[in-house]
Amino acid sequence: MPGAVAQGLIWGIMAIGVFITYKVLDVADLTVDGSIATGGATCVMLTLAGLPVWLAMVCALAAGLLAGLVTGLLHTLMGIPALLAGILTQLSLYSINLRILGASNQSINVLKYDLLVSLRNVKSAGPDNPILITAIFGVVIIALLYWFFGTSLGCAIRATGANPNMSRAQGINVNLTKVLGLMLSNGLVALSGALLAQYQGFADVKMGIGSIVIGLAAVIIGDVIFSRIFHNFALKLLSVVFGAVIYYAVLQVVFSFGISSDYLKLLTAVIVAIFLAVPYWKGKYFSKPTGKGGKTNA
């Protein structure tokens, strides 16, 4: 279970990136399946080349920003629908990631390199415990995003997602805010990929396949469970992280019954489907019927 919590916190950072496009920008962006692997590959290869891990992570963040920039430009300058623009970028990133790694995967050993997080320390009681480190990362990122989306630029991005036509009428450069939102999202996803590669000890060209489903699962689970009590924007971001932790905790419980990991994708689909259906079930089967005038029948 500690490993599930640590993984949930790492993927929670990725899910925050998905939240920015899915909930804030109202855009379905599939770039994340490629940008998370880009972040992991960049971090691992630069660390193997001798760069400090913190600098390698900054470069991974920059690589994610560039991936988001490409998707944004494909969408805004070339008029390609956001969904298709993300698919094109994701497809391109597979070749780029393969070129960065020089092979299908590259490993990195925590005993030889001063990594920030590692699976080996998941049960440690010291400051090197990945749960503690990733939790601090999550809190800092949420605090920075809460500040940013309170600025005029951040409010413009939120307004673009809420009503692009009205935003345009108010003088907001909608194309610019879309590009910035996609860059910010994929930058966070790549940063999550850098942490994930360190945690598991390797970067793989296929490590991002299905990432968008995990990110959406975290967003949906957090929304279903915490939407009634978390109304503040920062708390909504926190609910996404909690959603990722709950997702991995549920998987851990399921696998503890001896179910093969071959069913991981199937279980993911089932979990997401159930949490998507919960609001519908609550509204249809558990809400109190109303009488005339909207009054609840006794």
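The values are calculated or read from the model by the stated rules, or taken from the named source; none is laboratory data. These figures come from a predicted structure and were not determined experimentally. Don't worry about glycine lacking a Cβ; one is built from the backbone with ideal geometry, like all the others, and counts go over all protein chains shown. With ligands, DNA and RNA removed, areas are computed over all heavy atoms of the protein, side chains included. Shrake-Rupley method; radii C 1.70, N 1.55, O 1.52, S 1.80 Å.
Things to note:
- For region 232-265, a residue qualifies if it is at pLDDT 80 or above and loosely packed, with under 14 Cβ neighbours inside 10 Å, and exactly one does: ASN232.
- Across region 48-69, the number of residues qualifying as more than 19 Å from ILE16 (Cα to Cα) and surrounded by fewer than 24 Cβ atoms within 10 Å (Cβ to Cβ) comes to 9.
- Selection of region 65-97 for residues being of a type outside the set (A, V, I, L, M) and in a helix (DSSP H, G or I) yields GLY68, THR71, GLY72, HIS75, THR76, GLY86, THR89, GLN90, SER92, TYR94, SER95, ASN97.
- Residue in region 98-116 that is under 26 Å from LYS206 (Cβ atoms) and under 19 Å from the mean Cα position of the chain (by Cα) present: no
- Filtering region 111-138 to residues that are among the hydroxyl-bearing types (Ser, Thr, Tyr) and over 22 Å from LEU46 (Cβ atoms) leaves only SER124.
- Selection status of VAL174, open to solvent by less than 10 Å² (accessible area, probe 1.4 Å) and either aliphatic (A, V, I, L, M) or modelled with pLDDT under 85 (or both): yes
- Test result for SER124, of a type in the set (Ser, Thr, Tyr) and surrounded by 15 or more Cβ atoms within 10 Å (Cβ to Cβ): no
- Unique match (being open to solvent by less than 60 Å² (accessible area, probe 1.4 Å) and touching a residue at least 60 places away in the same chain (Cβ under 8 Å)) among GLY86, GLY17: GLY17
- Residues that are in a loop (DSSP other than H, G, I, E, B) and either at pLDDT below 80 or of a type in the set (S, T, N, Q) (or both) within region 114-126 comprise SER118, VAL122, LYS123, SER124, ALA125, GLY126, listed in sequence order.
- Selection within region 215-249 - assigned to a helix (DSSP H, G or I) and over 15 Å from ILE142 (Cβ atoms): GLY215, LEU216, ALA217, ILE220, ILE221, ASP223, VAL224, ILE225, ILE246, TYR247, TYR248, ALA249
- Scope region 127-182; condition outside any helix (DSSP H, G or I) and either within 25 Å of TRP11 (Cα to Cα) or within 22 Å of the chain's Cα centre (by Cα) (or both); matching residues: PRO127, ASP128, ASN129, PHE149, GLY150
- Condition check for LEU93: touching a Ser or Thr at 6+ places or on another chain (Cβ under 9 Å) and crowded, with 19+ Cβ neighbours inside 10 Å: yes
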